[in-house]
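The values are calculated or read from the model by the stated rules, or taken from the named source; none is laboratory data. In this text the structure is predicted, and so the values were computed from the model without any measurement. Cβ: placed from backbone, ideal geometry, glycine included. Neighbour counts: every protein chain shown.
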Amino acid sequence: MSLKDLPKDEYLLPGSAACPGCPATIGLRTVLKALGKKTILVVPACCTAVIESWYPNSSFNVPLLNIAFEASGATASGIVSALKQKGRDDINVVVWAGDGGTYDIGIQAMSGAFERGTDFIYICYNNQIYSNTGIQRSGATPYGAWTTTTVGGKGEFPKDMGAIVRAHHIPYAASACISYPEDLYNKVRKAKEIKGPKYIEVLTPCPPGWRFPMDRTVEMGRLAVETGVWPLYEYENEEMTFNGISRAIFEGKYKRKPVEDWLKLQGRFSHLFKPKRDEERIKRFEKFVDDMWERFRKEFG
Amino acid sequence: MRVVVDTGNHIAALAAKLAKPDVIAAYPITPQTTIVEKIAEYVAKGEFSGDYICVESEHSAMSACIGASAAGARTFTATSAHGLLLMHEMLHWAALARLPIVMVNVNRAIGPGWTIWSDQNDSMAQRDTGWIQIYCSSNQEIFDSIIQAFKLAEHKDVQLPVMVCYDGFILSHTSMPVKVPEQEEIDDFLPKREPAWILDPENPVTHGNIIMPKDYPSIRKAMQDAQENAKKLIPEIAEEWKERFGTYHGDLIEKYRCEDADYIIMSYAALGAESKVVIDMLRKKGKKVGLARLRVFRPFPSEDILSLAENADLIVIDRSISIGFEGPLFTEVKSCLYGKSDAKVYGFIAGLGGKDVRYTDIGKIVDRVIERKQDGVLWYDVEGGK
């Protein structure tokens, strides 16, 4: 599947209220092309609540239920049960939630829905911050990153949500990035065909939140993958498969670009380089990424 | 029609089953637990064909009901006390989304210290969520109110969720005989739900997106109008039920010997039932006292209360308190009489945290009013209370 072969159907309509350069809209376009018309979206508090535009308008051409911040997983369970009672097994129920709504406030309801075996797809679009509320730290924010609540840079590392999700032993969990739309499209298509809970996390580099120019969204995602900061993988029936460059990194066939290449382009990390280089924090960041790949090799090698 | 002798909770589960909800989502909490256990038993025996979602919290119970109801399902849940408080955000959500969810709340006091016994602080704290609130005082009333609640909630002029409340243990774990109609009779009384809106790929709507200040007040106004409609429909539905099945508990208020009363006791839930016992006793002593047991707290029956106050003073007994002020029913009764009535209103707080209130205690409360005519917040049987 190449980019030009993606379906022409659009379920995210023009005229959304997203910021220029918004990665979530790239993700939504791709994801909805893969899901198709017979889809119900559940959206908790997040940027997408704004992207929808305001009542009585909507930029979505699939039914969409907004729900409270921490409630997506349980809400999806309810929708799936209702559809089952109506004998409708042809509709995709999909949560589209940010990292705050997934890693932090929504983790309980998501975990509950996974444990119950709810037949749905949970997509976390991860921009590594509470961006809709104005760039505050979340459990997904990287070490060292400036946010409005980590003014000198975050002192903690993000949660390993992939491992948390895998510990639920659901049939399908994947990691994707908006910069690789074919990969994302294929993962959603695959998830659609699998019964039970599915999880896909999509890296969505946010220009105002990460402090980079709005025309470099896609590049920022690519660099995250090429530096190994963001791995692309599929975890299916307890089997791990890395995809694209991540596969080459995992197999030692591609030398990761230095993490610095990614950090330097983002204003949120500028204090690590100016006024003078913060060697210790840059090294800790590098080591975190090294350790992640080391864990992958130990566990899946 | 058959007679079933069972506890309030088992009767609630039976009523829920006979209403044929498509989806039940619930989380266990004392004293509600025997409802969820009974439903699980129905599922295991194949007597309930809907989906039963055992969620991981009450917040998720209400969220699952919201999702299911938005997809067109008839939904039911049950909770108590801290569970209800955890749901609070989603109670607002369900009402604003105009979803006709029916819930049982088995009233239990709030901790700390941990208490499992009854008072109404849990549901009174949900007063402003937009839910219709019905308070029961017998197992028959629990049964009838749950089925009627679905009809009310799903009525095209209402489309609001309904909370059916009754006291933990006093009713939840006490067996009483209950007249139960046959399934076909219930089906005939309560037809399938016709949703006002639904999540449907053939007609994709975005529900609950950003609403600008110019539009928001009108959705609140519509909820208020729906509550006013419910005020008219509750008596109609109760009347229809009486005609079909013979049982009746009053409309918004159950009135007992109020016609010639000098004093009218106003209370709700089990305390309301207890008050009924004392009326005859007081009457024998020549004291002209009546009872107005509030069945419905939202919508608030202001007009009924105004007419009760035409010839009588009111003695309000709350098993609940708004700390820093007074009993919630006391406040609201005075509020609806303001500028329209000269009746005196006396307010007592009694029975918090399940402290026993016997009919003789209620007799003493009435005596105190008649003899002393005190003002202010009056605590009955509490050290330091007036």
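Here's the yes/no breakdown for (1) away from chain B (no Cβ under 11 Å); (2) at pLDDT 95 or above:
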| site | (1), (2) |
| --- | --- |
| A:14 | yes, no |
| A:29 | yes, yes |
| A:36 | no, yes |
| A:58 | no, yes |
| A:75 | no, yes |
Filter result (within 14 Å of chain B (Cβ to nearest Cβ) and either of a type in the set (Val, Ile, Thr) or in contact with a Leu (Cβ under 8 Å, 6 or more places away or on another chain) (or both)) within segment A:93-104: A:93, A:94, A:95, A:96
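Hey, among A:69, A:114, A:157, which residue is over 27 Å from residue A:287 (Cα atoms), part of a loop (DSSP other than H, G, I, E, B) and either more than 14 Å from chain B (Cβ to nearest Cβ) or under 19 Å from the mean Cα position of the chain (by Cα) (or both)?
The unique qualifying residue is A:69.
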Considering residues of segment B:32-57 that are of a type outside the set (S, T, N, Q) and in contact (Cβ under 8 Å) with a residue 40 or more places away in the chain only, the residue farthest from the other protein chains (Cβ to nearest Cβ): B:35
Near pairs, Cβ below 7 angstrom, 6+ apart or cross-chain, from segment A:276-291 (more than 16 Å from residue A:146 (Cα to Cα)) to any residue that is of a type outside the set (S, T, N, Q) and not in a helix (DSSP H, G or I): A:288/A:143; A:288/A:157; A:289/A:228; A:289/A:229
Single unsatisfied condition, residue B:221 versus (1) closer than 30 Å to residue A:60 by Cα; (2) in contact (Cβ under 8 Å) with a residue 40 or more places away in the chain: (2)
Residue tally, condition outside any loop (DSSP other than H, G, I, E, B) and touching a helix residue (DSSP H, G or I) at 6+ places or on another chain (Cβ under 9 Å), over segment A:118-154: 10
Some residue of segment B:25-37 being modelled with pLDDT of 95 or more and part of a strand (DSSP E or B): yes
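Determine which member of the set A:107, A:170, A:123, A:164 is within 14 Å of another protein chain (Cβ to nearest Cβ) and under 26 Å from residue A:291 (Cα atoms).
Numbers: A:170 fails: within 14 Å of another protein chain (Cβ to nearest Cβ); A:123 fails: within 14 Å of another protein chain (Cβ to nearest Cβ); A:164 fails: within 14 Å of another protein chain (Cβ to nearest Cβ).
Being within 14 Å of another protein chain (Cβ to nearest Cβ) and under 26 Å from residue A:291 (Cα atoms) holds for just one of A:107, A:170, A:123, A:164, which is A:107.
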Members of segment B:114-136 that are farther than 17 Å from residue B:300 by Cα and either of a type in the set (A, V, I, L, M, F, W, C) or within 10 Å of the chain's Cα centre (by Cα) (or both): B:114, B:116, B:117
Per-region count, segment B:58-72, residues more than 7 Å from chain A (Cβ to nearest Cβ) and of a type in the set (S, T, N, Q): 1
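If only one of B:354, B:363 is touching a Phe, Trp or Tyr at 6+ places or on another chain (Cβ under 8 Å), in the same structural domain as residue B:284 (by TED's automatic domain parsing) and closer than 30 Å to residue B:173 by Cα, which one is it?
Working: B:363 fails: touching a Phe, Trp or Tyr at 6+ places or on another chain (Cβ under 8 Å).
Result: B:354 is the single residue among B:354, B:363 that is touching a Phe, Trp or Tyr at 6+ places or on another chain (Cβ under 8 Å), in the same structural domain as residue B:284 (by TED's automatic domain parsing) and closer than 30 Å to residue B:173 by Cα.
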Meets criteria (more than 8 Å from every other protein chain (Cβ to nearest Cβ), in contact (Cβ under 8 Å) with a residue 60 or more places away in the chain, outside any loop (DSSP other than H, G, I, E, B) and not polar (S, T, N, Q)) for residue A:24: yes
Residue match in segment B:85-107 (condition: part of a loop (DSSP other than H, G, I, E, B), of a type in the set (Val, Ile, Thr), at pLDDT 95 or above and in contact with a helix residue (DSSP H, G or I) (Cβ under 8 Å, 6 or more places away or on another chain)): yes
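So which of A:42, A:50, A:31 ends up being in a strand (DSSP E or B), of a type in the set (Val, Ile, Thr) and under 18 Å from the mean Cα position of the chain (by Cα)? Before you say what the answer is, go through the steps one by one.
Numbers: A:50 fails: in a strand (DSSP E or B); A:31 fails: in a strand (DSSP E or B).
Every option except A:42 fails the conditions.
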Which numbered condition residue B:247 misses (of (1) β-branched (Val, Ile, Thr); (2) within 19 Å of the chain's Cα centre (by Cα); (3) within 14 Å of chain A (Cβ to nearest Cβ)): (3)
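Taking segment A:2-12 as the search range and keeping residues that are under 17 Å from residue A:202 (Cβ atoms) and part of a loop (DSSP other than H, G, I, E, B), which one is farthest from the other protein chains (Cβ to nearest Cβ)? Explain how you work it out, then say what you get.
Here is the first cut: in segment A:2-12, the ones under 17 Å from residue A:202 (Cβ atoms) are A:3, A:6, A:11-12.
Next, only the ones that are part of a loop (DSSP other than H, G, I, E, B) stay: A:6, A:11.
Working: A:6: 20, A:11: 8 Å.
Top of the filtered list is A:6.
Can you confirm whether residue A:129 is within 27 Å of residue A:282 (Cβ to Cβ) and either away from every other protein chain (no Cβ under 14 Å) or out of contact with any Leu (no Cβ under 7 Å at 6 or more places or on another chain) (or both)?
Details: within 27 Å of residue A:282 (Cβ to Cβ): yes; either away from every other protein chain (no Cβ under 14 Å) or out of contact with any Leu (no Cβ under 7 Å at 6 or more places or on another chain) (or both): yes.
So residue A:129 passes the test.
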